[in-house]
Amino acid sequence: MEKGKGNTLDGPAIQRIRNDFPIFKKVINGQSLVYFDNGATVQKPLQVIQAIENYYYQSNANIHRGVHTLSREATELYETARNTVAAHFNVANPQQCVFTSGTTEGINLIAGGLSKAILRSGDEIILTAYEHHSNILPWQLHAQERGLKLKVIPLKSDQSLDIAAAMTLFTDRTKVLAVAHVSNTLGLITDLQALFKIAQQYNVITVVDGAQSSPHMPVNLPELDPDFFVCSAHKMYGPTGIGLLYMKEKWLTELPLFKTGGGTIKTVTFEHTEYAEGALRFEPGTPHISGAVGFAAAIDYMNSIDMSAIYKHESELVRYAQTRLLELPEVEVYGQSEHKAGVISFNVKGAHPFDVGTLLDKYGIAVRTGHHCTQPLMQLLGVQGTVRASFAIYNTLEEVEYFIEKLKRVITLVS
Ligand SMILES: Cc1ncc(COP(=O)(O)O)c(C=O)c1O
């Protein structure tokens, strides 16, 4: 629909896409908004905003167990949204797709569930050096409580993940490999195939934090074949407060419950509860119904463009931004790989990232500055923080050009 030739997006196609996003009418500090903070959250197209609005105008009711028309309508919308999410990730059984409040909650449900009954004192969990705090803290919390050990796959001197070193970390006590599919700070794409190959030899449970892959590239879950995969709708053009926890079918019955309550059951007595089967077992309380509707609309939106085209366009932006940044001797770029998705991190040598970000904002350019919830990575890089430019489908090469031009001015101010 919005495609250019093949799965390449041309300038007019991107312009049509930009027109879907009302926020781009906004003027920031007298300038057109250049939004490069997509790693934190992306802007929302009208199609998503309207789907949520329509839900509240037309269909709002609590779901499941309602006999009245509106409740059945809302239930239908909620379960259809689950089907849409499942189909997007090529999951045949939508029950394997649990709605959560986002990536962070998904990881908490996995870590909490596994540590309740499956993990034993002395068991090991392997993470990468570039994990987001959301994929460190839940494991750390349970590690402390249950006597588990966290191990970290280091980075090589070129700041890519050291797969050879990873091989030496696995032992018979390794029970979980929990890794970011794409680093939210460096943009590096994790070689999951290589890691999963080792994990398989040791019969290790695999958890993929897909918060930064799901917005930028096609993800085929059966092909990838993790035990668990989590992501957040708000990074995928959908609303905040909703996300996906995918699990392999066996975990629907084998993952111990970490959160429970109304909506998750078949029968309850004061002595015993028989739980519902499938996704509902993991969705206590009234869920984020309008969020699920918006999530599905966001997925439809991304698919109307095509995930491969999104990946191609954003890779071009990253490559171009990286090339231009590397031309500036005052700039240091972290994780200098061609194999990146949507994200680039850098510093102006000798300048605080906050100062760089604040000055760029004066030109209407929104970047994120700081540790990006990856403090252990910052310690490894030996910096307090970085400036992160992260791209989405509506960003253009002209915006990258404008950003480089203004960054040059900023450099003269901070140097
Ligand atoms: C790689 C990664 N993991 C986890 C999260 C947490 O996502 P959320 O805040 O939507 O739960 C983020 C958010 O920035 C992220 O980039």
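The values are calculated or read from the model by the stated rules, or taken from the named source; none is laboratory data. Quantities reported herein were computed from a predicted structural model and do not represent experimental measurements. Cβ placement follows ideal geometry from the backbone for every residue including glycine, while neighbour counts extend to all protein chains displayed. Accessible surface is based on the protein model in full, side chains and every heavy atom, while ligands, DNA and RNA are left aside. Shrake-Rupley method; radii C 1.70, N 1.55, O 1.52, S 1.80 Å.
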Carbon-plus-sulfur fraction of the accessible area of the chain, 1.4 Å probe, in percent? 52
Only helices at least 20 Å long along their own axis, judged from Cα atoms, and with Kyte-Doolittle mean hydropathy of 0.5 or greater: name those in the chain from DSSP H. 289-305
Rounded accessible area of TYR56 (nearest 10 Å², 1.4 Å probe): 130
Treating only the Cβ of Lys, Arg, Asp and Glu as charged (+1, +1, -1, -1), what charge dipole size does the chain show about its Cα centre? Round to the nearest 20 debye. 400
Per GNM of the chain with C-alpha springs under 10 angstrom, the most fluctuating residue out of LEU119, LEU381, LEU244 is LEU381
Highest GNM mean-square fluctuation, the chain, Cα pairs closer than 10 Å: which of SER32, SER345, SER213? SER32
Please identify, among GLN322, GLN47, GLN384, the residue showing maximal mean-square fluctuation in a Gaussian network model of the chain using a 10 angstrom Cα cutoff. GLN384
Report, to two decimal places, the Cα Rg of the range 50-304 normalised by 2.2 N^0.38 Å (N = number of residues). 1.03
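Specify the longest stretch of the chain that does not include any exposed loop site, a site being one of the trypsin sites (Lys or Arg not before Pro) with a non-H, G, I, E, B DSSP assignment and at most 15 other Cβ atoms within 10 Å.
260-348
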By the Kirkwood definition, with r running over pairs of different Cα atoms, the range 187-291 has a hydrodynamic radius in Å of 15.8
Radius, Kirkwood style, for the range 1-80 when every pair of distinct Cα atoms is counted (Å): 15.7
For the range 164-229 and the range 287-360, distance of Cα centres in Å: 21
Percentage, to the nearest whole number, of Cα pairs in the range 263-320 over 19 Å apart: 58
Show which lysines lie in cross-link reach of LYS259 when reach means a straight Cα distance below 25 angstrom and same-chain residues fewer than eight apart are skipped. LYS116, LYS149, LYS175, LYS235, LYS248, LYS250
Rank LEU224, GLY262, SER308 by how far each Cα sits towards the positive end of the charge dipole of the range 213-311 (+1 on Lys, Arg Cβ; -1 on Asp, Glu Cβ) and give me just the farthest. GLY262
With the 1.4 Å probe rolled over protein heavy atoms, the chain has an accessible area per residue in Å² of 42
Tell me what the chain gives for mean residue ellipticity at 222 nm when only DSSP H runs of n ≥ 4 count, each as -39,500 (n - 2.57), the sum divided by the residue total, rounded to 500 deg cm²/dmol. -12000 deg cm²/dmol
